[in-house]
Amino acid sequence: MSTRADYPHFLSIPTRWKDNDVYGHVNNVEYYSYFDTAINTFLITEGGLDIHRGTAIGLCAESHCRFLREIAFPGSVDAGLRVEKLGNSSVRYGIGLFRGGEDALAAEGWFVHVFVDRDSRRSTPIPDPIRAALAPLLVEAAP
């Protein structure tokens with residue numbers, strides 16, 4: 001199982017009132033929103049991804065989440081991010097979700113982006129600035 005040390009980048013995300021379900025904890029679908037937020041915040045702030053006008057965009061090809069501990073509102077999520085595979089036009093991220101300030105993993109998963117041309121939706125190489133931002137996050141995938 002992964003630890004905080006396995007993730008070279010973190011983003012703190014506040015939970016929201018609407019994230020909780022009738023059982024009093026964050027609903028499972030929100031975990032994927034945390035994945036998306038961690039990844040795209042990194043791509044925009046560190047890789048220069050222009051979500052409105054850029055010629056290349058990343059589309060989710062597949063994702064997975066393993067739920068280990070509950071997360072609830074109020075609180076925050078520390079989303080750990082790493083790159084497990086960096087291809088020509090695709091990237092597989094590893095994401096670890098931790099309750100704010102805690103060391104125990106609450107959830108872990110992966111997410112695959114395939115970069116495509118915005119207009120044609122055909123595969124395109126990962127733009128150089130994004131590749132340069134992702135490269136330092138590349139680690140050997142956890143078993």
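Only the coordinates and a few stated rules stand behind these numbers; no lab work does. The model shown is predicted, which means the values in this text are computed figures rather than measured ones. FYI the Cβ positions are ideal-geometry reconstructions off the backbone, even for glycines, and counts take in every protein chain you see.
When the Gaussian network model of the chain links Cα atoms closer than 10 Å, the mean-square fluctuations of GLY54, GLY94, GLY80 top out at GLY54. Distance between the C-alpha centres of the range 1-53 and the range 85-107: 9 Å, rounded to the whole angstrom. With contacts taken as Cα pairs under 8 Å and at least 6 residues apart, the range 4-137 reaches a relative contact order of 31 percent. Computed per residue of the chain from DSSP H runs no shorter than four, each worth -39500 (n - 2.57), the mean residue ellipticity at 222 nm is -6000 deg cm²/dmol. Under a model in which nothing but the beta-carbon of Lys, Arg (+1) and Asp, Glu (-1) is charged, the chain shows a dipole of about 260 debye around its Cα centre. By the equivalent-ellipsoid construction on the alpha carbon gyration tensor, the chain comes out with semi-axes of 27, 17, 13 Å, ordered largest to smallest. Neighbour counts of C-beta atoms inside 10 Å place TRP17, TRP110 in the sequence TRP17, TRP110, starting with the fewest. Seen from LYS85, the other residues with C-beta closer than 11 Å to its C-beta sum to a net charge of 0, counting Lys and Arg as +1 and Asp and Glu as -1.
If I fit a long axis through the Cα atoms of helix 28-47 and take the longest principal axis of the Cα atoms of the chain, what angle between them do I get, 0 to 90°, rounded to 10? On a 0 to 90 degree scale, this one is about 40.
Across the chain, the longest run free of exposed loop sites, meaning trypsin sites (Lys or Arg not before Pro) lying outside DSSP classes H, G, I, E and B with no more than 11 other Cβ atoms within 10 Å, spans 54-120. Can you work out the PRE-style zone for ARG122? Point 7 Å along Cα to Cβ, and I want the residues of the range 30-66 with backbone N under 17 Å. It comes to 55-57, nothing else.
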